[in-house]
Every structure is written in structure tokens, then in C-alpha cells.
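The values are calculated or read from the model by the stated rules, or taken from the named source; none is laboratory data. Only a predicted model underlies this, so the values are computations on that prediction, with no experimental measurement involved. Using ideal geometry, Cβ is built from the backbone for each residue, glycine included, and neighbour counts are taken over all protein chains shown.
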Protein chains: 2
Amino acid sequence: MFREKIKLLDATIRDGGLMNAHKFDDRFVREVYRAVSDAGIDYIELGYKNSKKLFSPEKFGKWKFCDDEDILKVIDGIPSKTKISVMVDVDRVDPADLKPKKNSPVTMIRVASYIKDIDKAIALCNQMADKGYETAVNIMAISKALDNEINEAFEQLEKECKAQVINIVDSNGALYQETVEFLVKKARAIIKTKEIGFHAHNNQQLAFSNSIEAIIHNANYIDCTIYGLGRAAGNCPTELMLGFLKNPKYDIRPILDVISKEFIALRQQIEWGYVIPYAIAGILDEHPKAALALRESAQKENYREFWESLVLSPDEA
Amino acid sequence: MFREKIKLLDATIRDGGLMNAHKFDDRFVREVYRAVSDAGIDYIELGYKNSKKLFSPEKFGKWKFCDDEDILKVIDGIPSKTKISVMVDVDRVDPADLKPKKNSPVTMIRVASYIKDIDKAIALCNQMADKGYETAVNIMAISKALDNEINEAFEQLEKECKAQVINIVDSNGALYQETVEFLVKKARAIIKTKEIGFHAHNNQQLAFSNSIEAIIHNANYIDCTIYGLGRAAGNCPTELMLGFLKNPKYDIRPILDVISKEFIALRQQIEWGYVIPYAIAGILDEHPKAALALRESAQKENYREFWESLVLSPDEA
């Protein structure tokens, strides 16, 4: 599959940061940035621009705030054509924290939003676009949105939003390929002046195949993470996507190297990937937070009880 | 997705046996048989009927031979509607070892064959059918077969073979969903009097999605294994397939239980699942044997070198 328009965004540090309060050290982030750059990946997302008035820098690592100075430090001296992205959440960012693009190492800002907040997301996105950034809107938890809400959001985004890319996000890892086809085709039909992207979660081992499915139906922006590192079950593995895409600009080998050298050891410290409670959350289209809490508890391997807790009402369980 | 005709075959003990020389103890096999039966799964495959003249019972466990007496011992006293299947390999079975169906606990015999051996497979399959068994032919390593060979094999199977089911087997875990669609549609077009089945390997985390793809295009027999246990990267996880299928006859909970109680500990003893060398073998459409050997060596995490060893010629590497 070689289509020149396809762009990959490696979100390892950003989505992986949800598993360690964004406390990756500079050395690790530099190694990931180097590998992603050497692999020829188009974008790398390093974290969130959250307001320090809302979240304490004592409690969270620097990649929850992504100060330009911290970014400049980890990219210093590494040859790269990879563009840097950061994510902002509706109601959690202070737009004044963002300098005009020309004064920042950041190229792209992605606004994450539930469908109910789409008006706020569009307003925030347009502010960022006016500062000169490439912009995207990520519609989270799309598996929980009703069809009429999705139609309306896509129409609004097409008409009112300055974003170059609209990303469909399967936050719960609940989508099967038929629904990915349905959503991407719908997006392509309504949103004609922007690119469509896809961000998968791997609860049911469908992150990679759903991303391929999105590509088949003409999504051109795909999120992936190295060795699938990301919240709970993680994401579409970068190495698999590079193996699938035949675009000569990509090279899988630097990604294989950094997995050998950094990610095998990391997996001993942080748990992500195919774990049954995350699969159950995906099957039942639930946010992974209950499964994440279970994995921190003494009942971490009690899968049947966890299933019952999600499907039975409290007086039955 | 509820289609009454869909039948699941749980191949945990058979495909998993490739990782431990078929040395599962009776207690473990009983627990798996109980869970598969309680889950309402249609078939369970316990191993191979290999000739003891060719393979030593000292070197291999009993599930490489599947004597009727051994099968009767592990199923004794467990209520079940699940039919028992065993696999035979072309040139590795002595047909005289198989009693007539009416004297055996086995219902189905599946003949595994590379496409080049399809004449032998048909002859063997028809012998088994004449003994009264339900029969199937599994065409292994289909990703390595040429299109004209596949056409010819499908035509022969339709005309000459008494099997009820023809299974397409992605031995290398190399297929993407577009090729699964292509192959299953082709099979359905040529093979009109039998059912089509699909057996996936999970090298690229595509076993489940490829099995769904096969179902979408009217394959009605699907192989799966509990927690994906199987050779190298393993197979389509039974628990995910049960979560996907909405057939009321299936119950996911016994499978969740047996994973909790048996498979988490087993994974500490046997390595299967998403491991980068298996992913590399899948990406490059290679048999997993080189990757399996790598995982037994001191170079087990040297992924780039393993990649180079498969893609470069010996004088370049």
C-alpha cells in the first residue's frame, strides 16, 4: 500500500505519557525522537499543552505541559524532518500559553474533544490556526456518539473549522472494521476540504487492522505508537504500520532498534497492551478507566467478576 | 454479527501443542475442554494423529498422537456438546491408526496440506470420510501459493474431495484484510458445495480482524485459541471472537475464567503472542521457524539484525 498522501503521526510519548503521568526522562524522549526521525515519520506528538494553573507540575511530568524550552532540549542536535505536534484539551489549555508558530518548535496543534464539546473545539482550533499552526481536531470516543451527532459535528467542522485534519478516535478500542469503514466513508462524504485521520486503541487487537481499514477508505493521517505504547491496551504499533506501508520514505529499522534498546525494558515497568480487562472494556465499549483501576488492585486477574461488574446492574452483581 | 451457520473450532491444545511438543498434562486439557464446552463452542481440536512409527512417544507428548483412550480420559464426566477434532498431516499419519468413526470419540478429522500436496490430501481426506468422520482440508501457507495453484486446488477440492469444510490457513501471519477478502471470495466462488473456514496466525496482530474479514465474506468455520495460545505469535483469541459474535449459544465467561486460572501462569512458562521477531516474519511472509530459533538464542532481542538476516542476501548481511 503506497499512497503518497499518507502521513504518520507517532504519538508514543503523548499517549504513552498517560501511563506514567508524562514522566519520561529526556534521554528516553531523545531516543524516541531520533528513531522516529530516522524512520522518516511525518509527525511526532510529545504531549499535552495543559495549563499549569489546572495541573500541578509537581504531580505531572513535563510532557503534560510541553514547554517550548523542554521540547528544544530533547530535539537539540538530532537531524530530523519530523514535525512536532502537541495536543490540547478543550477547557484544559490556556491559549495564552501558546506563542505564535514562528517562535515555537511546534508545527501542529491537535485539539482533543468529545463530540458534545465540538463548538468549543472549533473555537480553540481556530485560535491556534490564527497563531500560524497546522491544526487538527480529534473527536474522542466516537463509538459512544450517536449518528445524528456525528453528522452534525462533521458538517460543522467542514464549514466552521480551520483544521487541516479531522481525526476519528476510537478511545474505547470498541470499533470493528465495518464501523471504521462506515465512519471514514461518512467523514469523507461530508468533510471535503480537509484530510481525515484515524487514532486507534488496541483493546481487541484491532488497532492496526482498523488503521488499515481507515487507509483503505481514504483516511490519510494515521496515528501510531512504538511497540503500541499508549493508554491501557495502547495503540496501532508504528512498526506494523511501517511494515504495511510501502512508501519508500519510511524505514522500519530505527524503530526495531529503539524497541530492542528501550521498550522491552520499559514494558517491565509499565503495563500496556493486550490484557484481558482492557479487552473486556473494548468488547463492552467502555472507557478503560475501570480496567486500569482493576489492574492496580488485588483482583487484577479476576476477569469474570470484572465482566459481571460491567454487564450486571449493581443489585444483580 | 449473528449468523447461525458460523461454527467455531477451538484449536488451543492442538496449535498450542506446537510450543511444548504436545506435552499438556491431562488436568490442563480437561480444564480447557470444560471451558470450551461450557462456552458452547462447536468443536475442539486436541492434537495430531501422527504415526508412532515416524515420531517417538518418548520425545513427544500424547497430543501428537491423540489415541482414543487418551481422549476418552480427558473428556470423561464433563458435560459437553462440543465435537472433537484431530488433525492429520499428509505423509505423517498411518490411516490404519484410525478406527471407524462409530468406535471413536473423534467427530472431525482435518487434513493439513501444503498446496503442492493437494492430491495426497484429497486421497487421505476421502479415506477418512469413508470411515464416517466429518472431514476438512486445511490449506497451509496460502500466502506463499500462486494464484493459478490456488484456483486449481479449489477446483479439485470442489470436484474430488469429500470434505465438508475447506480451511484457508495463514500460516505465516502475513495476510492483510484485502487478501483475506480476495481469497475467501475466490473460495466461495469456486467451492459451492462445501463450507469455507479460516485459520489465522497473529504475527501482525491481524488474526482476529482477518477472521472477522473472512466471516464478512461468508466463511462459516473459524479457528480460534484461548488467549491466542498457538505456535509463535499464536492465533485468533477465542475470547475476542466470542465477544464479537452475538450468537446466543456462546458464553464468554467460562473462557475468561480459564484464562485467569490457567493461561496467565502458562504464559510465564511458554512464550507466544506479539513478539517482534514473529511480527518481522509476518511482515516478510516467512515461516516463523527462524524467529522461533532466534527466541531460543542469546540474540533474542536483536531485531534489526534479524530483519537484515531475512532481507539481505548472505554476502550482504
(message) On the basis of being basic (Lys, Arg) and either in a helix (DSSP H, G or I) or surrounded by 15 or more Cβ atoms within 10 Å (Cβ to Cβ) (or both), does residue A:192 make the cut?
(response) no
(request) Inspect segment A:293-313 for any residue being more than 10 Å from chain B (Cβ to nearest Cβ), surrounded by fewer than 24 Cβ atoms within 10 Å (Cβ to Cβ) and closer than 30 Å to residue B:282 by Cα and give the result as yes or no. (result) no
(request) Just name the residue that is farthest from the other protein chains (Cβ to nearest Cβ) out of those in segment B:162-189 that are surrounded by 19 or more Cβ atoms within 10 Å (Cβ to Cβ) and part of a helix (DSSP H, G or I). (result) B:187
(request) Report, by residue number, each residue of segment B:110-145 that is over 30 Å from residue B:283 (Cβ atoms), not in a loop (DSSP other than H, G, I, E, B) and not small (Gly, Ala, Ser). (result) B:119, B:120, B:122, B:124, B:125, B:126, B:127, B:128, B:130, B:134, B:135
(message) Quick check on my filter: what residues within segment B:190-212 are under 20 Å from residue B:141 (Cβ atoms) and more than 10 Å from chain A (Cβ to nearest Cβ)?
(response) B:190, B:191, B:196, B:197, B:198, B:199, B:200, B:201, B:211
(request) Please state which one of A:255, A:226, A:215, A:222 is within 16 Å of the chain's Cα centre (by Cα), touching a residue at least 40 places away in the same chain (Cβ under 8 Å) and within 13 Å of another protein chain (Cβ to nearest Cβ). (result) A:226
(request) Mind listing whichever residues of segment A:229-248 are outside any helix (DSSP H, G or I) and either over 26 Å from residue A:137 (Cβ atoms) or at the interface with chain B (Cβ under 10 Å from one of its Cβ atoms) (or both)? (result) A:236, A:237, A:246, A:248
(request) Assess whether residue A:148 counts as being on the phi > 0 side of the Ramachandran plot and over 16 Å from the mean Cα position of the chain (by Cα). (result) no
(message) Looking at the structure I just gave you, is residue A:160 assigned by TED's automatic domain parsing to the domain that holds residue A:206, farther than 26 Å from residue A:235 by Cβ and of a type outside the set (Gly, Ala, Ser)?
(response) yes
(message) Quick test of your reading of the structure: residue A:274 fulfils all but one of (1) assigned to a helix (DSSP H, G or I); (2) of a type outside the set (Lys, Arg); (3) within 11 Å of chain B (Cβ to nearest Cβ); (4) closer than 21 Å to residue A:224 by Cα. Name the failing condition by number.
(response) (1)
(request) Take the residues in segment A:101-124 that are more than 30 Å from residue A:148 (Cβ to Cβ), free of Cβ contacts under 8 Å to residues at least 60 places away in the same chain and not small (Gly, Ala, Ser), then tell me which one is surrounded by the most Cβ atoms within 10 Å (Cβ to Cβ). (result) A:106
(request) Could you grab the pairs with beta carbons closer than 8 Å, sequence gap of 6+ or different chains, first residue in segment B:277-303 and farther than 22 Å from residue B:179 by Cβ, second one in a helix (DSSP H, G or I) and among the acidic types (Asp, Glu)? (result) B:299/B:305; B:303/A:257
(message) Looking at the structure I just gave you, is residue B:40 under 22 Å from residue B:231 (Cβ atoms), surrounded by 16 or more Cβ atoms within 10 Å (Cβ to Cβ) and in contact with a Lys or Arg (Cβ under 9 Å, 6 or more places away or on another chain)?
(response) no
(message) Here are the criteria: (1) surrounded by fewer than 18 Cβ atoms within 10 Å (Cβ to Cβ); (2) modelled with pLDDT under 95. Tell me which single one residue B:98 does not satisfy.
(response) (1)
